[in-house]
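Read the figures in this text as sums done on the coordinates, not as results from a lab. Because the structure is a prediction, the values reported are computed rather than measured. Reconstructed Cβ throughout: ideal geometry from the backbone, glycine too, with neighbour counts over all protein chains shown.
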């Protein structure tokens, strides 16, 4: 998954730049949340600052800051030449493959979707705890359990 994620960074940036040029804040926000979830889930904390700046700029409606945050993300990713930090402690796809009883194409697709969304869900859970929003926390826990059942995780 690390390799797929890193190889997909140029496309991810393009998916952010296109709605930014159209001033489509909904699509831009959705792309940012997806990318932020993937970066957190896979342990790429080096992208946290530009993605947080991007989210803040979107909320503020500051097009200049959106462009700056996208430029910063592009620089940090060094698209085409990016290598993860040497100390990155990520189990990679082997941990998920190990946990799956049967690695079918369907399970592989579900596992990839689960991993990319998990980071965002964990951030939602952290926010829900801080805001004492138990119904949001409960919904996120149900989401994780639903995927665990679908993937038949051990």
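Details
- Rounded to 0.05, the FRET efficiency of the residue 110 and residue 65 pair, given R0 = 30 Å and the Cβ-Cβ distance, is 0.25.
- The modelled label-to-label distance for the pair residue 6/residue 23, using points 7 Å beyond Cα in the direction of Cβ, is 3.9 nm.
- Per-peptide average of other Cβ atoms within 10 Å, ordering 124-130, 53-59 highest first: 53-59, 124-130
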